[in-house]
1. Has segment 154-176 got at least one residue that is at pLDDT 80 or above and open to solvent by 60 Å² or more (accessible area, probe 1.4 Å)?
2. Hey, among the residues in segment 89-116 that are without any contact (Cβ under 8 Å) to a residue 40 or more places away in the chain and open to solvent by less than 30 Å² (accessible area, probe 1.4 Å), which one's nearest to Leu44 (Cα to Cα)?
3. Does segment 71-81 contain any residue that is in a helix (DSSP H, G or I), modelled with pLDDT of 85 or more and surrounded by 12 or more Cβ atoms within 10 Å (Cβ to Cβ)?
4. Please give the number of the condition Val139 fails out of (1) assigned to a helix (DSSP H, G or I); (2) within 30 Å of Gln217 (Cα to Cα); (3) open to solvent by 50 Å² or more (accessible area, probe 1.4 Å).
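The values are calculated or read from the model by the stated rules, or taken from the named source; none is laboratory data. Everything quoted here is computed from the prediction, not taken from an experiment. Cβ coordinates were reconstructed from backbone atoms using ideal geometry, including for glycine residues, and neighbour counts include every protein chain displayed. The protein model used for the area step is the full one, side chains on, heavy atoms only, and it has no ligands, DNA or RNA in it. Shrake-Rupley method; radii C 1.70, N 1.55, O 1.52, S 1.80 Å.
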Amino acid sequence: MQNEHMSVWGLVSEASLVVQLVMTTLVLASVASWYLIIQRGAALRRSERLLKSFLQRFRSGGELSQLYREGHEQSLPREAALQHIFLAGYQEFSQLQRQPGIAPDAVIDGVERSLYVAISEQEERLEGGLQFLATVGSVSPYIGLFGTVWGIMNSFLGLSMVQQATLSTVAPGIAEALIATAIGLFAAIPAVMAYNRFSARGQTLSARYYSFANELQARLHRRLHAGSPSIAAAA
């Protein structure tokens, strides 16, 4: 394939308008999915790093009130999911314990509801972009197949206008049609792989959020039943 017409770029430029639109759509979907893959990968790595850092501080035995003040004094990044969950739970704990005559179990129930709401918000953030990757992974091969079918159909329609059909006559049309399928697979395969990987990492992080929530509730429960009225001195 030395001549320009039978090169990849030559075939793309000579393809019909419908096939070119299919190729353009698939290329844009691939670019968008790769951008999302890079962005989500960096965000997940940062989330995992911040989670480990905060969990180490939380388990170091320091006062929760100090962690709470530090969290409010600084602007936390979105990826600091565990800190956001902690702030939501501890703020509810602080507000409820100030109410006179409230039972310790009622305080813990309120904290639990607040923690679950905060966890749900973080889980929704973890799932951001996964729907797009799933769509690209599942739809791109079919879009490419549509371009292929359309290109082959045009090739056979062109054969009806010639007296003698040869391989050189039909080959360019079939080749340009198959390029659409190749681009569709190129867009779909990385999207599917990234979707599976990000889903697994998201589920792992979500499980650690619930584990941390249980750990925080247990610590606040012990504090409540210790009988101390002071939130500022909470362990």
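1. Start the filter on segment 154-176 by keeping residues that are at pLDDT 80 or above, which leaves none.
There is no residue in segment 154-176 that is at pLDDT 80 or above and open to solvent by 60 Å² or more (accessible area, probe 1.4 Å).
2. Let us first name the residues in segment 89-116 that are without any contact (Cβ under 8 Å) to a residue 40 or more places away in the chain, namely 91-92, 95-96, 99-103, 105-106, 109-110, 113-114.
The next check asks that each one be open to solvent by less than 30 Å² (accessible area, probe 1.4 Å); those that pass are 96, 110, 114.
Details: Leu96: 33, Gly110: 30, Ser114: 24 Å.
For segment 89-116, the residue satisfying everything is Ser114.
3. The initial filter retains those residues of segment 71-81 that are in a helix (DSSP H, G or I), namely 71-73, 81.
Applying the additional criterion that residues be modelled with pLDDT of 85 or more yields 81.
Remaining after also requiring surrounded by 12 or more Cβ atoms within 10 Å (Cβ to Cβ): 81.
Checked against the condition, which is being in a helix (DSSP H, G or I), modelled with pLDDT of 85 or more and surrounded by 12 or more Cβ atoms within 10 Å (Cβ to Cβ), segment 71-81 yields at least one hit.
4. (2)
Rundown of residues vs (1) in contact with an Asp or Glu (Cβ under 8 Å, 6 or more places away or on another chain); (2) more than 25 Å from Glu121 (Cβ to Cβ); (3) modelled with pLDDT of 85 or more; (4) not in a helix (DSSP H, G or I), yes/no style:
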residue	(1), (2), (3), (4)
Val19	yes, yes, no, no
Val22	no, yes, yes, no
Thr25	no, yes, yes, no
Ala29	no, yes, yes, no
Ser47	yes, no, yes, no
Phe54	no, no, yes, no
Pro100	no, yes, no, yes
